[in-house]
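Single-structure report; data block below.
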Amino acid sequence: MRCFIAIELDETIKRQLIAAQDLFRQLTGKISWVKPEQMHLTIKFLGSLPETKIPEVTEAMKTAISKSRITSFEFTIKGLGAFPRPVSPRILWAGVTLTDPMKKLHKAIDAELSLLEIPPDEREFTPHLTLARIKSKTTPQACKNIIENNADFTAGTQRVEHITLFASQLKPTGAVYTVLSQVSLIA
């Protein structure tokens with residue numbers, strides 16, 4: 001099963017992200033909008049794992065938090081952007097302020113999972129909240145203008161008390177996420 005570790009988002013934050021999506025709705029082309037129930041902040045994409053490995057991954061999450069003494073923390077959602085670039089968008093996103101605890105969490109999880117032969121991320125950790133995936137060409141200048149005209153977009157601050165291991169099942173109607181386990185940060 002396809003799995004990932006993520007931070008779940010508050011409903012207040014999700015409402016702000018829906019407002020951010022609305023800013024982009026004028027774009028043309030085939031666009032797949034992320035549903036509110038699917039909005040999350042990915043810490044680590046694991047890929048396909050056998051079901052028998054889930055308890056080991058959960059233990060690795062616990063060990064990562066314990067060893068690195070990661071306590072609950074906050075992050076801010078600010079800014080809008082597109083990967084790879086606003087003039088050739090494939091992913092529309094809301095920005096996430098990378099905090100020291102978040103960096104530490106990602107690094108600790110990568111280290112513990114590597115002991116389970118799950119390779120560490122090759123790219124630098126760039127936290128973001130995906131708003132949409134663009135499946136066909138869109139108006140590049142329109143996308144760039146929306147991003148520039150909403151440079152001061154903010155969705156608020158999110159408190160993180162736990163991290164969640166999800167399974168992702170791809171269906172014709174979109175991905176369905178199932179919570180497999182949750183691990184609390186140190187209080």
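Each row is one residue, and each column tells you yes or no for (1) outside any loop (DSSP other than H, G, I, E, B); (2) closer than 30 Å to Thr52 by Cα.
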| residue | (1), (2) |
| --- | --- |
| Asp110 | yes, yes |
| Pro119 | no, yes |
| Phe125 | no, yes |
| Cys143 | yes, no |
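Checked against (1) out of contact with any Cys (no Cβ under 9 Å at 6 or more places or on another chain); (2) touching a residue at least 40 places away in the same chain (Cβ under 8 Å), Ile134 meets all criteria but (1). Of all residues in the range 19-37, those being surrounded by fewer than 16 Cβ atoms within 10 Å (Cβ to Cβ) and closer than 24 Å to Val160 by Cα number 4. All conditions but one from (1) in a helix (DSSP H, G or I); (2) at positive phi; (3) not charged (D, E, K, R) apply to Leu105; the one that does not is (2). Please tell me if Lys35 is under 30 Å from Ile146 (Cβ atoms) and of a type outside the set (A, V, I, L, M, F, W, C). Against the criterion (under 30 Å from Ile146 (Cβ atoms) and of a type outside the set (A, V, I, L, M, F, W, C)), Lys35 qualifies. For the range 98-150, a residue qualifies if it is surrounded by 17 or more Cβ atoms within 10 Å (Cβ to Cβ), at pLDDT below 95, more than 19 Å from the chain's Cα centre (by Cα) and not polar (S, T, N, Q), and exactly one does: Cys143. Selection of the range 132-141 for residues being part of a loop (DSSP other than H, G, I, E, B) and not polar (S, T, N, Q) yields Lys135, Lys137. For Phe153, the stated conditions do not hold, so it cannot be described as at pLDDT 90 or above, more than 26 Å from Gly29 (Cβ to Cβ) and not hydroxyl-bearing (Ser, Thr, Tyr).
Results for (1) closer than 17 Å to Phe45 by Cα; (2) of a type in the set (A, V, I, L, M, F, W, C), shown as yes or no for each residue.
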position	(1), (2)
Thr58	yes, no
Ser66	no, no
Arg69	no, no
Phe73	no, yes
Ile77	no, yes
Phe83	no, yes
Ser88	no, no
Gly95	no, no
Lys104	yes, no
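Here Met1 clears all of (1) crowded, with 18+ Cβ neighbours inside 10 Å; (2) among the hydrophobic types (A, V, I, L, M, F, W, C); (3) in contact (Cβ under 8 Å) with a residue 40 or more places away in the chain except the condition numbered (1).
The set of residues in the range 157-174 that are under 22 Å from Pro127 (Cβ atoms) and loosely packed, with under 15 Cβ neighbours inside 10 Å comprises Thr157, Arg159, Glu161, His162.
Residue-by-condition table, conditions (1) surrounded by 12 or more Cβ atoms within 10 Å (Cβ to Cβ); (2) farther than 30 Å from Thr173 by Cβ; (3) at pLDDT below 95:
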| position | (1), (2), (3) |
| --- | --- |
| Thr42 | yes, no, no |
| Thr58 | yes, no, no |
| Arg69 | no, yes, no |
| Thr76 | yes, yes, no |
| Leu80 | yes, no, no |
| Pro86 | yes, no, yes |
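The values are calculated or read from the model by the stated rules, or taken from the named source; none is laboratory data. Keep in mind that what you see is a predicted model, and the values were worked out from it rather than measured. As a convention, Cβ positions derive from the backbone with ideal geometry for all residues, glycine included, and neighbour counts pool all protein chains shown.
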